[in-house]
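A quick write-up on the structure given underneath.
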Amino acid sequence: MARRRLSLGFAFLLVSLVMAGSATAEPGRNSVLADLRIDEPIEGDVVVFGADLELGPNARVSGDAVAVGGSVRMAPGAEVGHHLVAVFGRADVAPGATVGGRVLALASVASLAPSVAGNRSASLDLALRLLTSGGWLLVTTFLAFLFPTRMRYGIWALPALGLRVPVLGVMVWLTWFAALVAVLGLGPGLGPALVAALWVLFFAAKAAGLTVVGGWLGAAVLRRWVHHPVPITLEVFVGILALLALRFLPVVGSTLWTFISLASLGACVAVLTLATDVPQVDPSRP
């Protein structure tokens with residue numbers, strides 16, 4: 001029952017935010033799985049799913065320009081009245097193009113590294129990955145040290161929750177992203193503070209869930225080599241190290257880390273708040 005109430009709450013919040021953002025918008029232009037080129041005035045928002053959005057020199061978008069699963073490219077002279085948002089893609093704003101609001105580009109859910117106009121070198125990308133990887137390793141191990149009983153319970157309960165974990169992760173991320181886009185339009189007074197609060201909540205939820213996922217993997221690995229109980233901090237350290245290694249795999253590394261990130265968000269919600277229906281055993285057992 002608790003899981004159903006929270007799931008409905010997430011869905012209601014997501015729908016409310018989307019409706020609130022579009023209540024005053026005039027009809028715009030949408031595209032699904034097909035690239036869209038705009039080179040004329042558009043009243044309202046332009047939204048593209050699973051494709052790229054290109055704004056030509058004569059494009060005049062009065063609302064937001066959003067690409068989910070693609071990139072946005074603005075030619076010189078193009079104008080966007082409100083915000084320019086690209087999720088799982090780039091936001092390339094040419095000199096001479098105008099964006100009335102903010103430019104938000106999330107290259108991946110995992111790293112949340114902005115990819116706004118400009119090319120970064122491979123060495124810089126590798127350095128950022130190593131830096132963020134070290135941060136995740138430190139934070140998750142520290143959480144396991146601070147909350148060993150709760151994390152141990154989460155590690156035990158995770159397999160029983162199955163596919164509910166990534167499904168909840170997707171819902172959490174969609175709700176968070178809708179809220180982020182909504183607060184961007186609140187102006188310089190409330191906008192920056194609420195954006196910062198949403199980022200803090202996102203990273204806190206991901207860190208807690210990643211601790212559980214890493215601890216579960218670390219426990220499974222160490223059980224094969226060590227035949228006596230080990231500290232949960234060691235389990236989490238080994239598991240997170242293995243997950244971070246997947247991040248650096250060529251071609252599939254980014255995709256795997258994105259899935260791990262979504263599963264971590266779901267684990268935070270499912271394990272830490274919704275695992276009341278799992279049969280009760282002693283969670284302190286390894």
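The values are calculated or read from the model by the stated rules, or taken from the named source; none is laboratory data. Small disclaimer: the values here were computed from a predicted structure and weren't measured. Note that we place each Cβ from the backbone using ideal geometry, even for glycine, and neighbour counts take in every protein chain shown.
Any idea which of Trp216, Trp199 is within 28 Å of Leu84 (Cβ to Cβ), within 23 Å of the chain's Cα centre (by Cα) and modelled with pLDDT of 80 or more?
Result of the check over Trp216, Trp199: Trp199.
If only one of Leu174, Leu265, Leu210, Leu243 is aliphatic (A, V, I, L, M), at pLDDT below 90, under 21 Å from the mean Cα position of the chain (by Cα) and within 26 Å of Leu128 (Cβ to Cβ), which one is it?
After ruling out the rest, the residue left standing is Leu174.
Given the criterion out of contact with any strand residue (DSSP E or B) (no Cβ under 6 Å at 6 or more places or on another chain), among the hydrophobic types (A, V, I, L, M, F, W, C) and loosely packed, with under 14 Cβ neighbours inside 10 Å, identify the matching residue among Leu161, Leu234, Leu222, Leu201.
The conditions single out Leu201.
Given (1) within 25 Å of Ser264 (Cβ to Cβ); (2) of a type outside the set (S, T, N, Q); (3) over 19 Å from the mean Cα position of the chain (by Cα), where does Leu104 come up short, assuming only one miss?
(3)
Rundown of residues vs (1) among the hydrophobic types (A, V, I, L, M, F, W, C); (2) under 30 Å from Gly63 (Cβ atoms); (3) not assigned by TED's automatic domain parsing to the domain that holds Gly266, yes/no style:
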position: Trp136; (1), (2), (3): yes, no, no
position: Gly154; (1), (2), (3): no, no, no
position: Ala157; (1), (2), (3): yes, no, no
position: Arg164; (1), (2), (3): no, no, no
position: Val181; (1), (2), (3): yes, yes, no
position: Ala196; (1), (2), (3): yes, yes, no
position: Trp199; (1), (2), (3): yes, yes, no
position: Trp216; (1), (2), (3): yes, no, no
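With the requirement that a residue be farther than 17 Å from Leu262 by Cα and not in a helix (DSSP H, G or I), what does region 124-169 give you?
Phe147
Within region 43-53, restricting attention to residues that are crowded, with 21+ Cβ neighbours inside 10 Å and assigned to a strand (DSSP E or B), which residue is modelled with the highest pLDDT?
Per the criteria, the residue is Leu53.
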